[in-house]
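Chemist: The structure's right below; bear with me while I get my questions together.
The values are calculated or read from the model by the stated rules, or taken from the named source; none is laboratory data. A quick note: this is a predicted structure, and the numbers were derived from the prediction, not measured. Glycine gets a Cβ as well: all are built from the backbone with ideal geometry, and neighbour counts include every protein chain shown. Accessible surface areas use protein heavy atoms only, side chains included; no ligands, DNA or RNA. Shrake-Rupley method; radii C 1.70, N 1.55, O 1.52, S 1.80 Å.
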Amino acid sequence: PEELARRGCLTRDVSTLDLDLKARHVTTEELLHALGARLSSSSPESVVSCAPWWDRSCDIGLIVGTFIHGLGNYDGMRKDEELPFLNRMKAYVQYNKVESESYRRFDHAADAAKCVFEKALETMKIKFQQQTTAAVAAVIAANKNSGDSVAKDAYQLETQKMDDDDVISLPRLKDAALESYRKPLDVSSKARKKGTATCSLPLPDATYLDRLLVQIVEKMESCEGLSPIQVSSNEEIAKEAEQETGNESVICTNRLVMRQSKSPICSTSDKSNQVLFAGGLSGSDKRPQDHSSDYFLGAASSDLASISVGADSSRYQRGPNVPLLVTRFALGGILQAEDSVIDILSRSEKLDLGLIGSDAKEVQQQKLSKIDNSSSVETADVTQVVDESKPSGSTDGQEATASIEKKPDLNYIKTSTELRASICLTLLQRGYPLSGSGDKFSSVDTDLWEDCMSNPALSFLTSRASNHFFSMKDAFGCLYQTAGIDWPEKVEPLEDYLRSVLLPHCLGLCLKLAGEQTKLAADQGKSDVYVARPAAEDLCPLPDPFVRLSDHSEQAVSNAYTILRRVRLMKSIRFIVGGGVPLSELMNFLRGPTMRMQTMGVPVWWCPWIHDLAILIHAAVHGLQSVTSELPRLQQKCVEDHVRETFVTGVNGKSPALPGNVLRQASEEELNAWVKIQAQEFPTPAVIEHRLALMCSQLTMNRNERYDHIPMFDEAMS
């Protein structure tokens, strides 16, 4: 009370003060300290890192920021210098310049995409004026009975000139955005003074922060005996799948397959589908299309927001599958997707867009016809058709697949919901395996493999497996075995499903879902998309080409974006370790300043030319998931030797890294225990993927298998 009185408080009875009045006399630093003491007993499970720079201080800042700025006002929290977010971003940018630059490049790509829209609209207006002028001239010439054919030819010539320029197509958007993304950044002193690198870093997705806020509050109140929120068990979801029919059964099966996965490399919780405060929509100054912290509904930039709600929004001539609302996921998906995927969507007039409202059987039959028409597989291999008398989307008792012999062809993949979901989840977790076409290398470079064999710190990589890359059979063989199917001699049907159906569907989700759900909400007379759409548990969390587009959740969009990125990432990894990058260049880069400066999130013993090389090779040979699930165990002994030599005994004439007085005072048992503890540390899956992306983006620059380090917006929704 005395301290409050010195600060201007008019009463000594603090209990009579309103909470807001108390806060006026307490500093933000004091609030952070008080909440930090309350959170000190919380388990580390309450912190789920959604950004590399996010730590416990940000958890506390989230609570204080909500108290000061209000629920969901994350833009205000980000700009508040008394909260820890800006300081954490600055510290991260200082040691991770390449990644922070990716956000600036993304902003430039968004500007380029906006220019495509503006140029198309301007061309359309000019075209309309010239068409009008040519039409008037043709009428006048006809009245004079002279020059009619000349005027008509001139009219047709003018319209043909601009037939392509006034339509916004996916290839045009990608070419413009990618060219702008790859342009060198302005590193002048003027640009540095503006602090654009720091300002480019956003807060995590609003819906994630909503969930995290509730989670932190639950942890703080758990000491008072409050019960946590209950989530559905796997058994309950399985029972729902048995009771439901049609599209609902397909969604339940996808949810069940995802919940049964225990992978740390992707989110598998149903809670990530729940929206609590709709933070991107909170406040009177926000709209669904604003450039806000809502990644699913927020436009990629404020300029791109104007093309969906501005006065000219309906005048843009959009090509097939060009979105009305260009979100971060839409623009990032365009940048990440391969040209073949872009080509399929740009030639598909209504890939799912015209199927909204139809049942799953109609979706399935139209998809079947599309893939059969475009497939390179012989028609004799894909001749069986699902019996149309069966219930739409049925998985109940395997009714949809009862009439189809278990053969590893396209039709069985498309009629088995559980197999489709498992294939999608494997692709999400382990990355895209070696393909029969499109991959130049099929195994680790001989010189690199021999170098690993001769290096004691990397010899474990060569002791248990061949140097062949992670293949289709490695990725999906166990799934086929579980389904009772023999692995086929030819994998073209599976590759064709992945390339011609699943990957285009993933890009389609990134492009269209936000706009479609916004449109459906508007048709219902509601401005809140999250309220207008079905409940979270009724939406599909995985990209499923045979589930209606509108029945996918924002988690499905996040997973689709992840899949598109990891397709490119795995191809670049194989290119690097397969010999596309000379061994000398690879080792010089790993020993250079770029990787040495990337110290955030890695143990003290991490050595880039040993351990970053290990994750590159292991990912190429065993898939992404194995880097976090298998590599720590395999390299345990080698890491212990490395830690002991580096910190305790010294190596190659170098003194130990630990201070001499520590080594003299500690017993041998204490040193061995310390070495074991240090060797058990390993980076999180997010840190691993960021390091892989950094290496691939730098080593493949100006090469055919170039990987562009597009911001990982899906990570902020995990």
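Chemist: Calculated FRET efficiency, TRP487 and ASP175, Cβ-Cβ r, R0 25 Å, to nearest 0.05?
Modeler: On the way: r = 40 Å, r/R0 = 1.58.
Efficiency for this residue pair is about 0.05.
Chemist: Another question about this same structure. What FRET efficiency, computed as 1/(1 + (r/R0)^6) with R0 = 35 Å and r the Cβ-Cβ distance, is obtained for THR446 and ALA673, rounded to the nearest 0.05?
Modeler: According to the calculation, E is roughly 0.30.
Chemist: Right, here's the next one. With Rg and the Kirkwood Rh both taken from Cα atoms, where does Rg over Rh land for region 574-718?
Modeler: Rg divided by Rh gives 1.02.
Chemist: Rg and Dmax of region 410-553, Cα atoms, in Å?
Modeler: Reported Rg and Dmax, both Å: 20.5, 68.
Chemist: So how far apart, in nm, are the two label points at GLN665 and SER261 if each is 7 Å from Cα heading toward Cβ?
Modeler: Rounded to a tenth, the inter-label distance reads 4.9 nm.
Chemist: Would you please name the GluC sites (Glu not before Pro) within region 431-501 that are DSSP coil residues with at most 16 other C-beta atoms within 10 Å of their C-beta?
Modeler: Details: sites: GLU450, GLU489, GLU495; in loops: GLU489.
Hits after loop and neighbour filter: GLU489.
Chemist: Full extension from ALA522 to ALA91: what is 0.36 nm times the residue separation minus their Cα-Cα distance, to one decimal in nm? Let's see the in-between values first.
Modeler: Numbers: separation 431, 0.36 × 431 = 155.16 nm, distance 4.23 nm.
So the extension gain works out to 150.9 nm.
Chemist: Now for a separate question. State the Kirkwood hydrodynamic radius of region 440-508 in Å, one decimal place, computed from all pairs of distinct Cα atoms. Kindly include the intermediate steps, with their values, before the conclusion.
Modeler: Values: mean 1/r = 0.0673 Å⁻¹.
So the Kirkwood estimate lands at 14.9 Å.
Chemist: What are the extents of the Cα atoms of region 541-608 along their three principal axes, in Å, largest first?
Modeler: Taking the Cα atoms of region 541-608, the three principal extents are 50, 29, 15 Å.
Chemist: What nm value, rounded to one decimal, do you get for the distance between MET701 and GLN129 when each label is placed 7 Å out toward the C-beta?
Modeler: Here the modelled spin labels are 4.3 nm apart.
Chemist: Continuing with the same structure: Can you give the extra length, in nm with one decimal, that the chain gains between PHE67 and ASP186 once fully stretched, where that is 0.36 nm per residue apart less the Cα-Cα distance?
Modeler: Once the chain is fully extended between PHE67 and ASP186, it gains 39.0 nm.
Chemist: At a Förster distance of 25 Å, what's the computed FRET efficiency of GLN680 paired with MET600, Cβ-Cβ distance as r, to 0.05?
Modeler: 0.80
Chemist: Another one. Report the relative contact order of region 568-665, percent, no decimals, based on alpha-carbon pairs under 8 angstrom and at least 6 residues apart.
Modeler: 19
Chemist: Between the DSSP loop rule and a limit of at most 13 other Cβ atoms within 10 Å, which trypsin sites (Lys or Arg not before Pro) in region 658-718 are left?
Modeler: ARG703
Chemist: Report D for region 87-132 in µm² per second (integer): Stokes-Einstein, Kirkwood Rh on Cα pairs, 4 °C, 1.567 mPa s.
Modeler: Details: Rh = 13.2 Å.
Stokes-Einstein gives a translational diffusion coefficient of 98 µm²/s.
Chemist: How much of the accessible area of region 70-110, in percent, comes from carbon and sulfur atoms when a 1.4 Å probe is used?
Modeler: So the carbon and sulfur contribution to the accessible surface is 44 percent.
Chemist: Pairwise over distinct Cα atoms, reciprocal of the mean inverse distance: report the Kirkwood radius of region 481-549 in Å, one decimal place.
Modeler: Numbers: mean 1/r = 0.0685 Å⁻¹.
Result for region 481-549, one decimal place: 14.6 Å.
Chemist: Please list 572-580, 298-306 highest first by mean number of surrounding beta-carbon atoms within 10 Å per residue. Intermediate results must be reported in sequence, preceding the final value.
Modeler: Values: 572-580: 24.3, 298-306: 21.9.
So the peptides 572-580, 298-306, ranked by packing, come out 572-580, 298-306.
Chemist: Given the protein chains as shown and a 1.4 Å probe, how many square angstrom of MET600 are accessible, to the nearest 10?
Modeler: 60
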